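Reading through the structure tokens given below for one structure.
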Amino acid sequence: MNNPKIELLNVQKTRNGTVILKEINLKFISGKRHILLGPSGAGKTTLLRLLNRMDDPSSGEIFYDENNIKNIPILELRRKVGMVFQIPVTFEGTVKDNLMVPYRLGVISGNADENELEKALELSGLQTEYLGRKASELSVGEKQRLNVARALLNKPEVLLLDEPTSALDSESANKLLHSVKELNEVLGLTVIMVTHQLENARLFGGKIIHIANGTVVREGEEEGFFLNSLSSNMS
Ligand SMILES: Nc1ncnc2c1ncn2[C@@H]1O[C@H](COP(=O)(O)OP(=O)(O)OP(=O)(O)O)[C@@H](O)[C@H]1O
Ligand SMILES: [Mg+2]
């Protein structure tokens, strides 16, 4: 049951001679929730971007289902490893138009099936009536859900989320965390979420990986002693 979906071996990332990530050895377990927790500048986004090859390590190896990700065609990898960014990305038109974008771009082959669109919306916590609404008129929280829904249409095995709640008020943030938690529980999706907020880590649960100064300082299950031992101010 504890198969690593993604494994990092001695991963290092250097930019302009500065070491951003060093000696990262990590396993992300299939079907589990993971939190990358750490202060600003710790290297969380840098690490996340390596997992779907938006960037490559300077040294070390990353494996996906035990295959070196360098040997997996990049589009195939990105279909399997979906990503939701901190600031939601929306396009002109309705929610439906937005959900059709990956089909139009050929990222998803075939035609969009209305049922699929509705299912993805509902799984992300938006009602199906939203399909006809203008994307530009949605709240930030709703846009963020739309981004999750669009990522789900690819039927990813892993969902990466980079501070998805940072632009949300606490009620919308809690709702989004709850929806993503359900995606993990209902679909068995492997989830890796970046946050610098302890409260989010507590609400989300799962395996917590504490990153500081480009390295993993501690990792473990979400347990009181673990979280309480961290500084309450991670920002
Ligand atoms: N393109 C780049 N060129 C040079 N340095 C970079 C680049 N991207 C990030 N860095 C540096 O790498 C370090 C880690 O950045 P990263 O964005 O991964 O941090 P983070 O943990 O995601 O922070 P935050 O919580 O503020 O988003 C920072 O010191 C940052 O300045
Ligand atoms: Mg970041």
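Note on the chain: with neighbouring protein chains present and a 1.4 Å probe, carbon and sulfur make up 45 percent of its accessible heavy-atom surface.
Just checking the listed ones, Met54, Met193, Met100: in the Gaussian network model of the chain with Cα springs under 10 Å, the one fluctuating most is Met54.
Leu105: net charge of surrounding residues, Cβ under 13 Å, Lys/Arg +1, Asp/Glu -1, itself excluded? Numbers along the way, then the final one.
Numbers: positive: Arg78, Arg79, Arg104, Arg150; negative: Asp97.
Taking every Cβ under 13 Å from that of Leu105, the sum is +3.
Taking 8 Å as the Cα distance limit and 6 or more residues as the minimum spacing, I'd like the relative contact order of segment 1-84 as a percentage. List each step's numbers first, then the result.
On the way: 118 pairs, mean separation 29.1, N = 84.
About 35 percent, as a whole number.
Database remark: amide H of Leu161 closer than 5 angstrom to the amide H of Val84, Ile192, Met193, Val194 (H placed geometrically; neighbours at sequence offset of 5 or more, or on other chains; Pro and chain starts carry no H). Neighbours of Ser40, meaning other residues whose beta-carbon lies under 15 angstrom from its beta-carbon, give a summed charge of -1 when Lys and Arg score +1 and Asp and Glu score -1. Neighbours of Gly214 by Cβ distance under 11 Å: Lys/Arg scored +1, Asp/Glu scored -1, total +3.
So with the 1.4 Å probe, I'd like the accessible area per residue for segment 28-168, rounded to whole Å². Present the calculation step by step, with values, prior to reporting the outcome.
Values: 6350 Å² over 141 residues.
Heavy-atom accessible area per residue stands at 45 Å².
Remark: the Cα gyration tensor places segment 97-235 in the prolate category, a/c being 1.5 or greater and a/b exceeding b/c.
Taking a ≥ b ≥ c as the square roots of the eigenvalues of the Cα gyration tensor of segment 3-72, is the shape rounded (a/c under 1.5), prolate (a/b larger than b/c) or oblate? Oblate is the answer for segment 3-72, as a/c is 1.5 or above yet b/c matches or exceeds a/b. Looking at the chain, the DSSP beta bridges with both ends there are about 55 percent antiparallel. Is the C-alpha gyration tensor of segment 41-163 telling us rounded, prolate or oblate? Criteria: a/c under 1.5 is rounded; beyond that, a/b larger than b/c is prolate, otherwise oblate. It comes out prolate by the Cα gyration axes.
Between Val89 and Asp55, what is 0.36 nm times their sequence separation minus the Cα-Cα distance? Round to one decimal in nm.
Numbers: separation 34, 0.36 × 34 = 12.24 nm, distance 1.98 nm.
Value of the extension gain: 10.3 nm.
Look at the alpha carbon pairs under 8 Å that are at least 6 residues apart: their mean separation over the length of the chain gives a relative contact order of 28 percent. Where only DSSP H runs of four or more residues are counted, the chain gives -10000 deg cm²/dmol as its mean residue ellipticity at 222 nm, each run worth -39500 (n - 2.57). When you filter the GluC sites (Glu not before Pro) in segment 1-105 for DSSP loop state and at most 16 other Cβ atoms inside 10 Å of their Cβ, you are left with Glu66, Glu92.
The values are calculated or read from the model by the stated rules, or taken from the named source; none is laboratory data. Please read all numbers here as calculations on a predicted model, not as lab measurements. Here Cβ is always computed from backbone atoms with ideal geometry, including for glycine, and neighbour counts include all displayed protein chains. Keep in mind that these areas ignore ligands, DNA and RNA; they rest on the heavy atoms of the full protein, side chains included. Shrake-Rupley method; radii C 1.70, N 1.55, O 1.52, S 1.80 Å.
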